[in-house]
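To start, the structure itself, in structure tokens.
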Amino acid sequence: MRRRATLLIAALCAACSSAPPPAPPPAPQAQAQTRLNESEARAAALVRAGDFAGAAREYGEAIRLAASVENADALAANAINQSIVDQWLGRDAEAREAIARVTDDKQRNFPEKRRLQAEVRRAILELAGSHNDAAATWAGRAETRCAGACEHAATILNVQAQIALATSHPADAERLAAAAGERASARGDKAEQANALRTLGRAQRLQGNAAAALPNLEQALLIDRELGDPRKILADLTELAMANDAAGNRDAARNYYARAVAVSKAMNDTRGLAEMEAQVKRP
């Protein structure tokens, strides 16, 4: 009996001593991937907080980490995001440099989706710099890659509509914006639907049909307020002010300009502020 108890104790002790060893530390690649995920999360949080400069730094770090583990998809996604926040900051050269990591790199095996997104972003940057021919070229590349059936079809149409406006073709802009709105509505993409409505209203105003523009612009404002995007709200208010002015509704125009001034100041965005303030004071 004593021998059986001794054997049982020995077995139990053997079981205790045979516990699995501690897990080895993560491999360097796994550590880099974890840091990449953390950097992306910090960047997204900073964007939500309105700290675009901090977000740009984090996206830059995420790009570095993505390159270190040869994660082409993450590299492209973070380069696109960095380009967006740099443009919001008015740092156009940095925005172009960020997006060139994707558009100008023919060797890296970026996913088709990221190349298309980068081409659209490059078109937007070229348009913002008044390089209309280059913008049309990049938008055309994105359109070809999309083949009219991708998830970014509405975005491409909206960019092409804005290019048409920039090149003094408001009728073409109206047609393209209407098509963009239909695509966006079908996909439930409210952000692109609002973009389409804003562009449609502007195109109508430029063709002398301010009365038709007003309901489209008002609907764009409702959507952007729902989405909580101050940059788009500012654009909507400005367009509504101009459309009301064109329609002869001076009091309404003054009200929209005043609201645009308030949003601009809240955003610390002084671009066009002096002109809007002057419009508020104008009889």
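Observations
- Computed from phi, the 3J(HN,Hα) profile of region 140-154 under the Karplus parametrisation 6.51, -1.76, 1.60 (θ = phi - 60°) reads x, 5, 5, 4, 5, 5, 6, 6, x, 10, 8, 5, 9, 4, 5 Hz, with x in place of Gly and Pro.
- Dividing the helix sum by the residues of the chain, where each DSSP H run of 4 or more adds -39500 (n - 2.57), gives a mean residue ellipticity at 222 nm of -26500 deg cm²/dmol.
- Computed from Cα atoms, the angle from the helix 170-187 axis to the main principal axis of the chain rounds to 40 degrees.
- Each of Lys281, Lys106, Lys265, Lys113 was scored by other Cβ atoms within 10 Å of its Cβ. Listed from fewest to most, they are Lys106, Lys281, Lys265, Lys113.
- Proxy reagent accessibility, fewest Cβ within 10 Å first, across Thr270, Thr103, Thr34: Thr270, Thr34, Thr103
- Straight-line reach from Lys265: taking Cα to Cα under 20 Å and skipping same-chain neighbours fewer than 8 places apart, the lysines in range are Lys232, Lys281.
- Pairwise centroid distance, computed over Cα atoms, of region 212-283 with region 107-137, Å: 29 Å
- Degrees separating the helix 250-266 axis from the principal Cα axis of the chain, which is the longest one: 30 degrees
- Among Trp138, Trp88, sorting on how many other beta-carbon atoms sit within 10 Å of each Cβ, with the fewest leading, yields Trp88, Trp138.
- On Cα atoms only, tilt of 112-128 relative to the major axis of the chain in degrees: 40 degrees
- For region 187-283, a simple Cβ point-charge model (Lys and Arg +1, Asp and Glu -1, everything else neutral) yields a dipole of about 160 debye relative to the Cα centre.
- Within region 27-114: Cβ-based charge dipole about Cα centre, in debye rounded to nearest 20 (Lys, Arg +1; Asp, Glu -1): 80 debye
Computed from the coordinates by the stated procedures, all read-outs in this text should not be read as laboratory data. None of these values were measured; they are calculated from a predicted model. Positions of Cβ are generated from backbone atoms using ideal geometry, with glycine treated the same way; all protein chains shown enter the neighbour counts.
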